[in-house]
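> Could you have a look at this structure, given as structure tokens, before my questions?
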Amino acid sequence: MEIKKIEFKGFRNLFDFSFTPDSNINILMGANAQGKTNITEAIWLFTGAKSFRGAKDREMVGFGKEKAELKMNFLSQGIERDAKIEILNKRKAFLDEKPLKSASHLAGNFCAIVFSPGDLGLVKDGPNVRRRFLDVAIGQLYPVYIELLKDYTRAVAQRNKIIKDYKNNSSISEMLDIFEAEIAEKGAKIVEYRKKYCKKTEPSTAEIYKGISKEKEKLEFSYVSSVEAEYLAEALYNARKTDMFSGVTSVGPHRDDLDFKINGISARSFGSQGQKRSIALSLKLAEAKTIEDIKGEQPVAILDDVMSELDPERQDYILNHIKDRQVFITCCDYSNIKNFEKGTVFNIEAGRIK
């Protein structure tokens, strides 16, 4: 997977320009608020996922601009592809000049991994962060999963809406039956995909962590379900009385989590900050390996403002494991890239490449 050219128009604070990156390491160097992360955010959007910064589509349109437009020419499976994203109130996407049903349908065509300061909280933050990590990773490998997740989320939202009125109108129980059946069906498939991904990546994650810890520590991680998939329909029915007071659906894959253990001890509860960061780093590098194993080619790697957050030992480790692929690294300090042997430095200033 390699980006040959990318064009920006009306995106964030970036001036309208085109960018031909190096096939190896691309260092986007500059002070804060100059546009470095905006470039990597634009690249990430071509995976079909939402902004890794949590931004809404409209927020990515430049100030005073009616819309934003991004174009990318990239190499996948030895074939050149052209993709375009238009952003007004929401994203529209085109692949090889053909309109797609939604921007998420770009998933599986262009693959990348992104590692940002927010990802360092994969272990210490709440379960929703870990679920999102899984969902984005799986969505790149199996685009059908994205639609499955949308249907499930919609069904849960409908159940939440109905359950609030249930205590005042028990006649709507038939509607609950319908949505709970859909939640149970879609939820079981979501859990299957997630467990399959965890089983595939667990050995790589453990091996990478072993290398980071210099073979002193053993990492294990597992998928933790709020209820086993085959009992989800029954659990939803039994939870109606409780859920009508809270107004939310209390069981299902939207409540599931990942559990990490270092030498058999909970990493989230007792792990040091360095250990938690090492786990996050291992998960991301294992994600890249899984994409390569399944897709047959290496994904583009994006390291956004993360090098300064890692100690020199972890910096060296990550650099050694992302070589021989196209990489984009945003950086403010030249000392963080002193070990690069090949690649190109692009100086970013006031929304343009100098």
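> Of all residues in region 16-72, count the ones that are charged (D, E, K, R) and in contact with a strand residue (DSSP E or B) (Cβ under 8 Å, 6 or more places away or on another chain). Don't jump to the end; show me each part of the working.
The initial filter retains those residues of region 16-72 that are charged (D, E, K, R), namely 16, 22, 36, 41, 50, 53, 56-59, 65-67, 69, 71.
Narrowing further to those that are in contact with a strand residue (DSSP E or B) (Cβ under 8 Å, 6 or more places away or on another chain): 16, 22, 36, 57-58, 67, 69, 71.
Looking only at that region, the number is 8.
> Looking at region 37-61 only, could you name the residues that are out of contact with any Cys (no Cβ under 9 Å at 6 or more places or on another chain), assigned to a loop (DSSP other than H, G, I, E, B) and buried (at least 24 other Cβ atoms within 10 Å of the Cβ)?
Across region 37-61, the qualifying residues are F46, G48.
> Pairs only if they're at least six apart or on different chains, beta carbon under 6 angstrom, first in region 267-293 and of a type in the set (D, E, K, R) and at pLDDT 95 or above, second in a helix (DSSP H, G or I) and surrounded by fewer than 20 Cβ atoms within 10 Å (Cβ to Cβ); list them, first residue then second.
none
> Only residues that are free of Cβ contacts under 8 Å to residues at least 40 places away in the same chain and of a type in the set (A, V, I, L, M): list them for region 55-111, please.
Matches in region 55-111: A55, I79, A83, L88, L95, L100.
> Another one. Could you go through region 42-50 and let me know if any residue there is of a type in the set (V, I, T), under 29 Å from L122 (Cβ atoms) and outside the structural domain of L141 (by TED's automatic domain parsing). Full working, then the answer.
Start the filter on region 42-50 by keeping residues that are of a type in the set (V, I, T), which leaves 43, 47.
Within this subset, residues satisfying the condition of being under 29 Å from L122 (Cβ atoms) are 43, 47.
Cutting the leftovers down to outside the structural domain of L141 (by TED's automatic domain parsing) gives us 43, 47.
Yes: one or more hits.
> Find the strands (runs of 3 or more DSSP E) located wholly in region 202-304 whose residues include 3 or more that are surrounded by 16 or more Cβ atoms within 10 Å (Cβ to Cβ), out of contact with any Gly (no Cβ under 9 Å at 6 or more places or on another chain) and among the aliphatic types (A, V, I, L, M), and list them.
The strands (runs of 3 or more DSSP E) meeting that bar are 300-303.
> Would you check if there is a residue in region 340-351 being assigned to a helix (DSSP H, G or I), in the same structural domain as N32 (by TED's automatic domain parsing) and surrounded by 16 or more Cβ atoms within 10 Å (Cβ to Cβ)?
Looking for residues that are assigned to a helix (DSSP H, G or I), in the same structural domain as N32 (by TED's automatic domain parsing) and surrounded by 16 or more Cβ atoms within 10 Å (Cβ to Cβ), one finds none in region 340-351, hence no.
Quick grid of which residues meet (1) free of Cβ contacts under 8 Å to residues at least 24 places away in the same chain; (2) not basic (K, R):
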| residue | (1), (2) |
| --- | --- |
| T205 | no, yes |
| K218 | no, no |
| S226 | no, yes |
| E234 | yes, yes |
| R240 | no, no |
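> Also: I'd like the full set of residues that are more than 27 Å from the chain's Cα centre (by Cα) and either within 30 Å of E182 (Cβ to Cβ) or in contact (Cβ under 8 Å) with a residue 60 or more places away in the chain (or both), limited to region 242-266.
T242, D243, M244, F245, S246, G247
The values are calculated or read from the model by the stated rules, or taken from the named source; none is laboratory data. Given the structure is predicted, the values throughout are model-derived calculations rather than measurements. When we count neighbours, we look across all protein chains shown, and the Cβ atoms used for this are built from the backbone with ideal geometry, even at glycine.
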